[in-house]
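What follows draws every value from the coordinates through simple rules; no lab data is involved. As the structure is a computational prediction, the values presented were derived from the model and not from experiment. Virtual Cβ from ideal backbone geometry, glycine too; neighbours counted across all protein chains shown.
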Amino acid sequence: MRMKDWNYQKRYPFGRSREIIDRRKKVLRLRFVKHWPKEQIANVLGVSERTIERDIQAVEEYGRQYGAEVLREPLEKTIWKITENYQERQMLRWQEFANAKDPGVKNRILRDIQAEDQQYYETMQSLGVVYKAPDQAVVTTESWEDRIKRLRAEREAAAENIKDDNDDNTVDDIE
């Protein structure tokens, strides 16, 4: 790499033109947040896969250069940023879920939401915010009304089991 290229890249790590910067921001979101494949990103943005690969390289390099600044922040601020980003990603995924028509796409989105939940809980546990991350994050499309009905039915069934157990151990049976 020539010195001129190095200085240019150092001064403008995300690109010099507004068009390149905007495209790289889109690539960043689509690749690292939504986990889209390179081919799909290239198709949507109307550029070649090689351009997307260069954009991904530039974004990764930018992250390596400036990502260390996060370590200098207080822990509370870092936790706040992680939580804020997590909530934004989850909101976008739930919006995608609501707009999706295909059941296969909906299932993929639910799996993504579940994986993101699990990763978030594990991150919070590693930072000492959460005592123990759940073994598995559960994501459901069950409505609140249905969930309340199901939980009431489970509670009534458990109460019946307890009642049946108490009926079996009465004083009359022991004598």
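Numerical summary
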| quantity | calculated |
| --- | --- |
| Residues ASP102, ASP112 arranged by fewest to most Cβ contacts within 10 Å | ASP102, ASP112 |
| Across LYS38/LYS106; LYS77/LYS149; LYS77/LYS101; LYS34/LYS149; LYS101/LYS149, pairs whose alpha-carbon gap is larger than 32 Å | LYS77/LYS149; LYS77/LYS101; LYS34/LYS149 |
| Where labels lie 7 Å past Cα in the beta-carbon direction, separation of ASN85 and ALA159 in nm | 4.7 |
| Exposure proxy ranking, count of Cβ atoms within 10 Å, fewest first, for LYS101, LYS34, LYS77 | LYS101, LYS77, LYS34 |
| Footprinting exposure proxy for ASP55, ASP146 (fewest neighbouring C-beta atoms within 10 Å first) | ASP146, ASP55 |
